[in-house]
Amino acid sequence: MKQIKTIYSNIYQFTDVLEPMKLSMHQYLLLTEEPVLVQTGAISQAKKTLPQIKEVLGDKPLKYILISHFESDECGGIALVLKEYPNAICICSEVTARQLWGFGLAQNIQIVKPEETFNGNDFEFKIIGYPSEMHMWEGVLFFEAKRGIFFSSDLMFQIGETHGQVIECNWNHAINTSGADQLPSIDMQKKLISNLEMINPVFVASGHGPCMKIVK
Ligand SMILES: [Fe+2]
Ligand SMILES: [Fe+2]
C-alpha cells in the first residue's frame, strides 16, 4: 500500500469523489496524541476511507469526530466510524447533537457553541457559528488556532477532483468568494463574514475543493 502523506502539518486528507458532477468530499485527520477526525464522509465514503484512516492511526484510537452540521457527507458514516472507534466523542452544535441522538447514531457527544474554544493537549479549536442546519439553524465551523488551520466545510466550495491540491490565496479573497454571501439573510451573511475576518488562517482545509495556503 502506498504511504499516505500529510497535506499540511500533521493533517491527512481523505477523499471520495461524487459522480457524475465530480464533487470531491474531503475528510481530515489531525494526528496528535488525541487524534481528531473532521467529517466522516457519507457511509460509502467511510467504507473506503476508514481503512486508510486506520492505517494512519495505527494502534492509536480515534478520540474526537468534528461535525460541522448534520448532512450525509459531513456525518453519514458516523455509525461505521463509531463501530470501529466506539469511544470517540462527537463534537458538534446543539442542533446537530439533537439529530445524532434523535436518529440513534451517536451517544457520546460534546456540544460546542460559537465563540467557545474546544481544547485538547495539542490543539485549540475556535468555534464559529455557521447557519447550516435545517431551517438555517446553527451548525459550526472549526478553526485550529495552534496551527492556523480553518476547516471550511461547505464554504470555499469548488467542483472538481481536488484530492491533494493546494492553491495559494489571500484570506480576504477567500472570504469574498467563500459563499458566505449566499446565506438567506443579510444579518447571517454579515455575522459569518465578520467572524471569518477575525481569524488569521495560514491554511484552509476545504470540505469540497482545493485546499488553500494563505498568502498576503
Ligand atoms: Fe453540508
Ligand atoms: Fe459538505
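Every number in this text was worked out from the coordinates using simple rules, so none of it is lab data. Source: prediction; values computed, not measured. Here the Cβ positions follow ideal geometry from the backbone for every residue, glycine too, while neighbour counts run over all protein chains shown.
Counting only aspartates and glutamates at least 8 places from Lys190 when in the same chain, those with an alpha carbon closer than 14 Å to its own are Asp181.
Comparing mean-square fluctuations of Gly58, Gly77, Gly129 from a GNM of the chain with C-alpha springs under 10 Å, the top value falls on Gly58. For Ser206, the amide hydrogen comes within under 5 Å of the amide hydrogens of Ser152, Cys211, Met212, counting only partners 5 or more places away or on other chains and with H modelled in the peptide plane.
I want to make sure I understand the PRE zone here: with the label point 7 angstrom from the Cα of Ser72 toward its beta carbon, which residues in the range 80-106 have backbone N atoms less than 18 Å away? Of the residues in the range 80-106, 80-81, 100, 103-105 have backbone N under 18 Å from the label point off Ser72.
Amide H to amide H, with H built 1.01 Å from N, Ile7 comes under 5 Å of Tyr12, Gln13, counting only residues 5 or more places away or on other chains.
Between Lys83 and Glu168, the FRET efficiency estimated from the beta carbon spacing at R0 = 30 angstrom works out to 0.15. Loop-located trypsin sites (Lys or Arg not before Pro) in the range 1-110 (DSSP state other than H, G, I, E, B) with a sparse environment of at most 15 neighbouring Cβ atoms within 10 Å: Lys2, Lys5, Lys22.
When you filter the GluC sites (Glu not before Pro) in the range 60-125 for DSSP loop state and at most 13 other Cβ atoms inside 10 Å of their Cβ, you are left with Glu115, Glu116.
Relative intensity of the range 29-88 on a log10 scale, I(q)/I(0) at q = 0.20 Å⁻¹, equals -0.65, per a Debye sum over C-alpha point scatterers of equal strength in the absence of solvent. Note on the chain: with a GNM built from Cα contacts shorter than 10 Å, the maximum mean-square fluctuation among Ser24, Ser194, Ser72 falls on Ser194. Overall shape: oblate for the range 109-177, with the ratio a/c of the largest to smallest alpha carbon gyration tensor axis at 1.5 or above and b/c at least equal to a/b. Taking a point 7 Å out from the Cα of Gln107 in the direction of its Cβ, the residues of the range 68-86 whose backbone N falls within less than 18 Å of it are 78-86.
Along the range 80-92 the Karplus relation, 6.51 cos²θ - 1.76 cosθ + 1.60 evaluated at θ = phi - 60°, assigns HN-Hα couplings of 5, 5, 6, 5, 6, 10, x, 8, 5, 9, 7, 10, 6 Hz to successive residues, with x for each Gly and Pro. Across Cys169, Cys75, Cys90, mean-square fluctuation computed from a Gaussian network of the chain (C-alpha pairs under 10 Å connected) peaks at Cys169.
Excluding same-chain neighbours fewer than eight residues apart, the lysines reachable from Lys83 by a Cα-Cα span under 18 Å are Lys47, Lys48, Lys54, Lys60, Lys63.
Sparse packing (at most 14 other Cβ atoms within 10 Å of the Cβ) combined with a DSSP loop state is found for the following chymotrypsin sites (Phe, Trp or Tyr not before Pro) in the range 1-106: Phe103.
Its Kirkwood hydrodynamic radius, worked out from the mean inverse distance over all distinct Cα pairs, puts the range 1-69 at 12.5 Å. Count Lys and Arg as plus one, Asp and Glu as minus one, and take only other residues whose Cβ is under 15 Å from that of Gly58; the net charge is then -2.
Dividing the summed -39500 (n - 2.57) terms of all DSSP H runs of n ≥ 4 by the residue count of the chain sets its mean residue ellipticity at 222 nm at -7000 deg cm²/dmol.
When Rg is the radius of gyration of the Cα atoms in the chain and Rh is its Kirkwood radius, what does Rg/Rh come to? Working shown, then result.
Values: Rg = 15.9 Å, Rh = 17.1 Å.
Radius of gyration over Kirkwood radius for the chain works out to 0.93.
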